[in-house]
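The numbers here are math on the coordinates, done by the rules we state, and not lab data. Computed from a predicted structure; not experimentally measured. Neighbour counts run over all protein chains shown; Cβ positions are idealised from the backbone, glycine included.
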Amino acid sequence: MRLTKHAHACVELAKDGTSIVFDPGTLTPGAKDAVARAGAVFITHEHFDHFDDALVAEALELQPELQVFGPASVLEKLGDHGGRVRAVVAGDVLEAAGFRLTVHGERHAAIHPDIPLVDNVGYLVDGSLFHPGDAYFAPGVPVSTLLLPTSGPWTKLGEAADFVRAVRPERVIQIHELMLSDLGRRSTATLLGENGLTGVAITEVPAGDSVELAG
């Protein structure tokens, strides 16, 4: 399986000639091209930086086989498109574009009491890679590769460290790091990484670059 990191929280996974995309939001310049290649799109939650509803709606019109999965708010915004848009909740098992996914978690991490919590789901792909969206929710199952959000109004490095410790992945890749400078990304990787609080190496993948994942 090949992972291509796009800006912010958008990630593209490819294998056997097919691909799926997670969280194509308005802060991701490459989201449109990634979605155009995809057989399925998975949304963790409704916030604009994870879900560009206009982009996904256009893709549904242009790509008659495209499937979209996300919380109920995604279905409400897009409509069901003949069953091609599906609302998901924790515990669901999905098959799409040659990938098998399980759904975990329910709510976005708290930002402030004045800001309502929205539904947020994480996706475990092929029993290997976990995209948590905007929550440090441990899925309670083995994870080989953890995508770790490291910047945003809801994040805290101490909580990120505890999240990695709870998940116990073999590998961590930074996502949701757009608010960090180069120095911020490096210092975060050092604090949380192999010789830091978690004992697990933190991989930084520049936007547009790809890495191969085992399993």
Exercise for the section: Can you spot the aspartates and glutamates whose alpha carbon is less than 14 Å from Lys5's alpha carbon? Ignore those fewer than 8 places along the same chain. Expected result: Asp23, Asp33, Glu177, Glu204, Asp209, Glu212
Exercise for the section: Give the whole-number value, in cubic angstrom per residue, of the convex hull volume spanned by the C-alpha atoms of the stretch 80-165. Expected result: 114
Fill in the blank from the handout: Computed on Cα atoms only, the convex hull of the stretch 1-113 has an orientation-averaged projected area in nm² of 7.1
Practice task
At most 16 other Cβ atoms within 10 Å and a DSSP loop assignment: could you name the trypsin sites (Lys or Arg not before Pro) in the stretch 98-189 that fit?
Solution key: Lys156
Problem - Largest to smallest principal axis extent of the C-alpha atoms in the chain, angstrom - result: 50, 44, 31
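Count neighbours as other Cβ atoms within 10 Å of each site's Cβ, and list the chymotrypsin sites (Phe, Trp or Tyr not before Pro) in the stretch 1-107 that are DSSP loop with at most 12 such neighbours.
Loop-located and lightly packed - Phe48.
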Exercise for the section: At a Cα cut-off below 23 Å, give the lysines reachable from Lys77, other chains included and same-chain residues fewer than 8 away excluded. Expected result: Lys32
Handout entry: Estimated [θ] at 222 nm from DSSP helical runs (n ≥ 4, -39500 (n - 2.57)) normalised by residues in the chain, nearest 500
Key = -6000 deg cm²/dmol
Exercise for the section: Between the alpha-carbon centers of the stretch 21-92 and the stretch 149-215, tell me the distance in whole angstrom. Expected result: 25
Practice task
Multiply the residue separation of Ala207 and Arg37 by 0.36 nm, subtract the distance between their alpha-carbon atoms, and state the gained length in nm to one decimal.
Solution key: 59.5 nm
